[in-house]
Amino acid sequence: MMAWLPYSVGCLISYARKQPEINELYEFMDPLCLAWNPKKYKTELLQTDILGLTCYAWNQGYNDRLAAYYKRIRPDGVTIYGGPQVPEDKQARDNWQRDRGAFLDHCIEGPGEIAFVEWLLDKPRSRTVLKELPTPYTDGVFDAMITFAKQNPGNFFGAPVESDRGCPYSCAFCDWGGNTRSKLIKFDQDTFMEQMDWVYSNNELTEAFLSNANFGINKRDIEIMQGIAAMQKKYNRADFQFTFGGLAKNGSKNVKPIMDIMLNEVNVLQHNLKVSFQTHTPEVLRVIKRDNISNEKLMPLVRHWQSIGKQVSAEMIIGLPGETADSWLKGLDHMVHDLSIYQSGTFILQITRNTLLDDPEYQKKYDISTKQVWWGKKQYGVSVVIKSYSFDLEELVKMYDYHWVYNNFINTGLIPVDRLISLYDQTRIFFDNLDQMPLMKDLIERQRTLVRKIFKKGRDVYLTDEKEIRWFSASMRMDDLQIMEANRDRALQELAVVFDIPDDVKFEIEGSGYRKIPVVK
């Protein structure tokens, strides 16, 4: 089993322990990171006077369960939440905390290291910006977890790292930028490399994830990449994988040498370049405040990567405000035929806290409606956009119709691109002739039913079927391809109405294959 070390919590502990006043008053227990049944943590929780939880959209449900259980067994204990999920708007934050009043005592919004120390010392919030890199790895914050992995063979951890923090861009859907995180802070390079040395030196760590939003934005990032390559050689870690969160936007000249080092000298799970276009529709780029990031400026890097025979894939977001079914299909067509990019990881648009998309005024301006979707016994939940000024439910259903064709046949490589005349035209012809293809129609109608279930206006929706959960939370596929393989002759006959599919095609899924691909966001 591989789990990620709780880096954000480690940063809080590391920074706090460097303050003499804190060490006189408080003792930190080892952090927890595995989402076990809260009762498995009973021993630790009974010893805990203050329970701090870092909240994200994907773990909020679990944190609420854990905090509620803690309050039942330690009613005198104190709970405090932090992290990106805590609203930065005061009124929204007060309402959010009130909804959790039975088990939540305090919450801290925004960057947490300095604010957490000030809270512990009962000092006013200063809003001071953190300048020094917290050092949880070399400070021993995670030593107990490393010991656990050594004593339990088959258990490994991944290590998030960062050499800078913040993002100068403010895309409507992303919380990397924003009011409190838009300034780019460069941490000391030597301190960062010391953290990396600790990570590489521990065999119980098998992966590092560089969480910079724009790696390559600074010229020194080339030196950092060279240092990482040298470290991999130093420790001879052939098993170790290094991945990126996001590469610099707008065509930074530093990205090419960084990617060349990564390709030739650093272990990555896949030597692919993943470019986060999100959309190819100019109106959508304007609405989501991304028109200052030019897709065209990414193309020299794409062309270079393609020229040396390496695969380039894309990241897209379906259902952005301003998009229509037709514009979405045209974007996919442009990507395939004009950019020669044949694979894409597509994500359902979700509302991330403290983003422009989360702002009531922005939602009102673009007629955006949202809905909460839960799965895993309400342990996981996210808010999704179900309507905007450019699409209603049925337009969104059509958008997912078009994506179904791309995702199942082009994205998987089942229909070779050299046998594709026009993705746009052939997809439309496919749906014009759907009544002649009963197997395909059954599969399409099944997805339409699920899309309507998820995005129909109304109360929260709870997904319990494993195929539906996989469709929503991972691949936007159920078991369609397996059904086609089980009905192979019929599937080939129906698809031949529109597409030129090889007779020896195998309808199967090779896996998503996108998580490890370096991302140009």
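General remarks:
- The set of residues from segment 141-172 being closer than 24 Å to Ile80 by Cβ, of a type in the set (A, V, I, L, M) and in a loop (DSSP other than H, G, I, E, B) comprises just one member, Val141.
- Residue in segment 311-328 that is under 25 Å from Asp164 (Cβ atoms) and aromatic (Phe, Trp, Tyr) present: no
- For segment 5-39, a residue qualifies if it is more than 25 Å from Gly158 (Cβ to Cβ), touching a residue at least 24 places away in the same chain (Cβ under 8 Å) and not in a helix (DSSP H, G or I), and the qualifying residues are Gln19, Tyr26.
- Checked against the criterion of being out of contact with any Asp or Glu (no Cβ under 6 Å at 6 or more places or on another chain), buried (at least 20 other Cβ atoms within 10 Å of the Cβ) and more than 30 Å from Asp89 (Cα to Cα), the candidates Met225, Met193 yield just one match: Met225.
- Residues that are aromatic (Phe, Trp, Tyr), assigned to a helix (DSSP H, G or I) and surrounded by fewer than 21 Cβ atoms within 10 Å (Cβ to Cβ), drawn from segment 384-421: none
- Every residue from segment 468-506 that is part of a loop (DSSP other than H, G, I, E, B) and either within 25 Å of the chain's Cα centre (by Cα) or exposed (fewer than 13 other Cβ atoms within 10 Å of the Cβ) (or both): Met476, Arg477, Met478, Asp479, Ala496, Pro502, Asp503, Asp504, Lys506
- Residue within segment 341-356 that is in a helix (DSSP H, G or I) and not small (Gly, Ala, Ser) present: yes
- Scanning segment 40-49 for residues that are surrounded by 15 or more Cβ atoms within 10 Å (Cβ to Cβ) and either of a type in the set (Ser, Thr, Tyr) or not in a helix (DSSP H, G or I) (or both) returns Tyr41, Thr48.
- Only listed residue being in contact with a helix residue (DSSP H, G or I) (Cβ under 8 Å, 6 or more places away or on another chain), touching a residue at least 24 places away in the same chain (Cβ under 8 Å) and not in a helix (DSSP H, G or I), chosen from Lys330, Lys371: Lys371
- Entirely in segment 58-140, the helices (runs of 4 or more DSSP H) that have 2 or more residues that are among the polar types (S, T, N, Q) and farther than 19 Å from Glu27 by Cα: 60-73, 90-99
- Conditions (1) in contact with a helix residue (DSSP H, G or I) (Cβ under 6 Å, 6 or more places away or on another chain); (2) surrounded by 22 or more Cβ atoms within 10 Å (Cβ to Cβ); (3) not small (Gly, Ala, Ser); number of the one not met by Asp291: (2)
- Looking at Asp197, Asp164, Asp190, just one residue is closer than 24 Å to Ala230 by Cβ, under 19 Å from the mean Cα position of the chain (by Cα) and without any contact (Cβ under 8 Å) to a residue 60 or more places away in the chain, and that residue is Asp164.
- The criterion of being buried (at least 20 other Cβ atoms within 10 Å of the Cβ) and not polar (S, T, N, Q) does not hold for Ile22.
- For segment 265-284, the criterion of being more than 30 Å from Gln363 (Cα to Cα), in a loop (DSSP other than H, G, I, E, B) and modelled with pLDDT of 80 or more is met by at least one residue.
The values are calculated or read from the model by the stated rules, or taken from the named source; none is laboratory data. All of these numbers come straight from a predicted model, not from anything done at the bench. No Cβ is skipped: glycine too gets one built from the backbone with ideal geometry, and neighbour counts run over all protein chains shown.
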